[in-house]
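Read the structure below first, then the notes.
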Amino acid sequence: MISIVRYNYIVQGLVQGVGFRYHVKLEAAKLNLSGFVRNLDNGNVSIEVQGDPSVIERFRFAIENDIPHAHITHIYELELQVIPQDHTFQIKY
């Protein structure tokens, strides 16, 4: 049986105005994860991501290391309740 988890990441650094949300969405789609990404008013980005824990680890590594022009200084992580009906990943505005 595959376990499913959901996390919220608050990403700090140079993550707005550099295509960060677009690349996060691409990575999530490639890994078949659900959730969303959105800019916050304070310059950070919030990501909620749901899926298999090992796949989410690969996702987190990719967003920390493989997004051009972004410079992440810190990621806060919080485990959330799984949302069973969430099956897509989107950019929220």
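The values are calculated or read from the model by the stated rules, or taken from the named source; none is laboratory data. Note that this is a predicted model, so its numbers are computed, not measured. Here the Cβ is made from the backbone with ideal geometry for all residues, glycine too, and neighbour counts use every protein chain on show. The protein model used for the area step is the full one, side chains on, heavy atoms only, and it has no ligands, DNA or RNA in it. Shrake-Rupley method; radii C 1.70, N 1.55, O 1.52, S 1.80 Å.
The table that follows gives values for the structure above.
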quantity	calculated
Some residue of segment 1-21 being over 11 Å from the mean Cα position of the chain (by Cα) and of a type in the set (Ser, Thr, Tyr)	yes
Segment 60-91, subset in a loop (DSSP other than H, G, I, E, B) and within 15 Å of ARG6 (Cα to Cα), residue least open to solvent (accessible area, probe 1.4 Å)	ASP86
One residue from GLU27, GLU48 being modelled with pLDDT of 95 or more, charged (D, E, K, R) and touching an Asp or Glu at 6+ places or on another chain (Cβ under 8 Å)	GLU27
Condition met for ARG6 (within 21 Å of PRO84 (Cα to Cα), of a type outside the set (Gly, Ala, Ser) and in contact with a helix residue (DSSP H, G or I) (Cβ under 8 Å, 6 or more places away or on another chain))	no
Inter-residue pairs, beta-carbon under 9 Å, first assigned to a helix (DSSP H, G or I) and in segment 47-59, second of a type in the set (Ser, Thr, Tyr), 6+ apart	PRO53/SER3; ILE56/TYR7
Within segment 34-46, considering residues that are assigned to a strand (DSSP E or B) and of a type in the set (S, T, N, Q), the one surrounded by the fewest Cβ atoms within 10 Å (Cβ to Cβ)	SER46
Residues within segment 1-26 that are open to solvent by 10 Å² or more (accessible area, probe 1.4 Å), in contact (Cβ under 8 Å) with a residue 40 or more places away in the chain and under 14 Å from ALA70 (Cβ atoms), tallied	9
